[in-house]
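Just below is one structure, and these are the notes that go with it.
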Amino acid sequence: MEAVLSVIQNIMDMGASVMLPVVIFILSCVFRMKIGKALKTGLLVGIGFQGLGLVVGLLGTSLQPAIDYYQEMGSGYTTMDVGWAAVGAASWSVPFAAIAILMIVGLNVLFILLKWTTVMNVDIWNYIHFLIPGALAYALFDSFWLGLTVTVGLSIVTLFVAQWFAPRWEAYYGLEGTTCTTFSFITFAYPFGLLVNKLIDLIPGLNKIDISLEKVESKIGFFGDPAVIGLLVGTFLGVLTRQEFTVAISMGVGVSAVLVLIPKMVSVMMEGLTAIGEAAKEFMKKHIGEGKKLYIGMDIALGLGDPTAITTTVILIPIAIFLAFIIPGMHYFPVGVLTVIVYMIPLLAVASNGNLFRTLVTGFFFLVIVLIGTNTFAPEATEMMNATGVPVEGVVTDSFWGYNLANIIISLFHRIVG
C-alpha cells in the first residue's frame, strides 16, 4: 500500500497542470475518442489550467505591495497561517490515503454504472477537500477507520451535491456538460450564498439593488469595462496603502490584466472540455441510455473567469486584512486566506445571479465566518498537522477550518464529546 501511495503522491506532486491532461486523456480514450483528439483535448485542459494558475499568481503578485503594507501592521500574532498547500500535502501522509483515493475513484465509476449519479469527478487535485477532514478525524479520534469513512463518505456526498448544482453552474457560466466538484464551496459557500440572498430579499430597499458589471458598462461606457475597473481598483488600493505612484500604477495594470486574461484561460480549458463533453454524451447514450447526461466534475477554478467574482475578490482582499485587526480574539494574520479568497467567491456570484452588490454582501459575511473559523479551530488544525508527522512549531492554522464545513463540524463535535 505504501507503494500505491507513493505512486499517487508522485502524480500529485506533478501538479494539476500535468495531472489533468493525463486524467482527461485517459477519460477521452474511455469515451472512444481518437488518440490524437484525446491528446489535444487533455493538453488544452492542462494548458488552460496552467494559464489560470499563472494569472491567479499575477493577482497575488500585483497585490503583494498592499499585502506587505498591512502585514507589517499585523505583527504580534501568535498563530501561523501555514496555507492550504501545506495542509493538503500533510493530509496525504495519513495511512489510509492510498486506499481512500482508490475507493473514491472506484465508487464513482460504480455509481455511474448503477445510474446512481451522472457526475464523473475528474478533479483529483481537489480530493484533499475530502482527505483533510478525514485526516482531521483520524487525528482527533485516533481512528483509522473513521478517517477513511469520512474521506470516502464526503466524496460520495460531493457527487450528489454536484449533480444537484450542475444545472445552475451550466446556466450561469455557460459551461455545458460540466459541474463543480470542489467540496468546500458547493456544500458551504453556495448554500450560504443562497441563504443570504433569501434574507436580502426580505429587506425593503436592499432587495431592489441590482448591480451587474454588464449594466454598469452599458450605463457608464468605458469606465464599466472590466479592464478599466481592474486598473482603477488596483491603483486605488495602491494609493490607499501609500505606495509610490509607479507601484500603484503597476498594481492597477496587473489587476486589469487578471480581469482580462482569466476569462481567456477559461475559454482554452472549455475548448478541451467541450470536446470531451460531446464524447461523454455519445458514450452515455450508447451505454447508459438515451437522454442521460454525464457531467464532468471540475475544479472551482473554472468559475474564476466571472467578472463579478474577480472584482469582488479584489475588493475583499483589503477588507480581509482590515477584519484581522477588528475581529475580537484574532491571534493569526490571514496571509493564507488572502490567497484563497479568489476561490471562495465564484459560487457566491452564482447564488447572487451576478449581482455585484449581493456578491459583495455575501462575500463579506462569508469571509467573516472563514476568518473566525480559521482562528477558532487553530488547535484542531495543529493537532492534525502533528498527527500526520509534518513538523510544525507552535500553533498553526489554515482557512480550510473556515470554509470546509466538514472540518468545522468535526472540530466542534470533538470539543463537545471531549
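Table for the structure above
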{"read-out": "Long-range neighbours under 9 Å by Cβ, at least six apart or interchain, first residue over 17 Å from VAL342 (Cα atoms) and in a helix (DSSP H, G or I) within the stretch 232-261, second among the acidic types (Asp, Glu) and open to solvent by 60 Å² or more (accessible area, probe 1.4 Å)", "value": "GLY238/GLU244"}
{"read-out": "Residue check, GLU278 open to solvent by 50 Å² or more (accessible area, probe 1.4 Å), in a helix (DSSP H, G or I) and at pLDDT 75 or above", "value": "no"}
{"read-out": "Test: residue in the stretch 120-130 that is under 23 Å from the mean Cα position of the chain (by Cα), at pLDDT 85 or above and farther than 27 Å from VAL390 by Cα", "value": "yes"}
{"read-out": "Residue count, the stretch 289-310 (criterion: part of a helix (DSSP H, G or I) and either at pLDDT below 80 or open to solvent by 10 Å² or more (accessible area, probe 1.4 Å) (or both))", "value": "1"}
{"read-out": "Test result for ARG358, open to solvent by 10 Å² or more (accessible area, probe 1.4 Å) and within 27 Å of ARG168 (Cβ to Cβ)", "value": "yes"}
{"read-out": "Verdict on PHE283 being at pLDDT below 85 and either open to solvent by less than 20 Å² (accessible area, probe 1.4 Å) or in contact with a Gly (Cβ under 6 Å, 6 or more places away or on another chain) (or both)", "value": "no"}
{"read-out": "Of all residues making up the stretch 167-191, the number that are assigned to a loop (DSSP other than H, G, I, E, B) and open to solvent by 30 Å² or more (accessible area, probe 1.4 Å)", "value": "2"}
{"read-out": "Selected residue [open to solvent by 10 Å² or more (accessible area, probe 1.4 Å), touching a helix residue (DSSP H, G or I) at 6+ places or on another chain (Cβ under 8 Å) and without any contact (Cβ under 8 Å) to a residue 60 or more places away in the chain] from LEU146, LEU140", "value": "LEU146"}
{"read-out": "Any hit, the stretch 76-89, residues being surrounded by fewer than 17 Cβ atoms within 10 Å (Cβ to Cβ), modelled with pLDDT under 80, touching a Ser or Thr at 6+ places or on another chain (Cβ under 9 Å) and more than 20 Å from THR182 (Cα to Cα)", "value": "no"}
{"read-out": "Residue count for the stretch 372-418, restricted to those that are within 24 Å of PHE188 (Cα to Cα), small (Gly, Ala, Ser) and outside any helix (DSSP H, G or I)", "value": "1"}
{"read-out": "Single unsatisfied condition, GLY42 versus (1) open to solvent by 70 Å² or more (accessible area, probe 1.4 Å); (2) modelled with pLDDT of 80 or more; (3) not polar (S, T, N, Q)", "value": "(1)"}
{"read-out": "Odd one out for PHE333, checked against (1) within 30 Å of TYR172 (Cα to Cα); (2) hydrophobic (A, V, I, L, M, F, W, C); (3) in contact with a Gly (Cβ under 6 Å, 6 or more places away or on another chain)", "value": "(1)"}
{"read-out": "Residue tally, condition outside any helix (DSSP H, G or I) and either basic (Lys, Arg) or open to solvent by less than 40 Å² (accessible area, probe 1.4 Å) (or both), over the stretch 90-131", "value": "11"}
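The values are calculated or read from the model by the stated rules, or taken from the named source; none is laboratory data. These numbers come from a predicted model, not from an experiment. Methodologically, a virtual Cβ is constructed for each residue, glycine included, from the backbone with ideal geometry; neighbour enumeration extends over all protein chains shown. Keep in mind that these areas ignore ligands, DNA and RNA; they rest on the heavy atoms of the full protein, side chains included. Shrake-Rupley method; radii C 1.70, N 1.55, O 1.52, S 1.80 Å.
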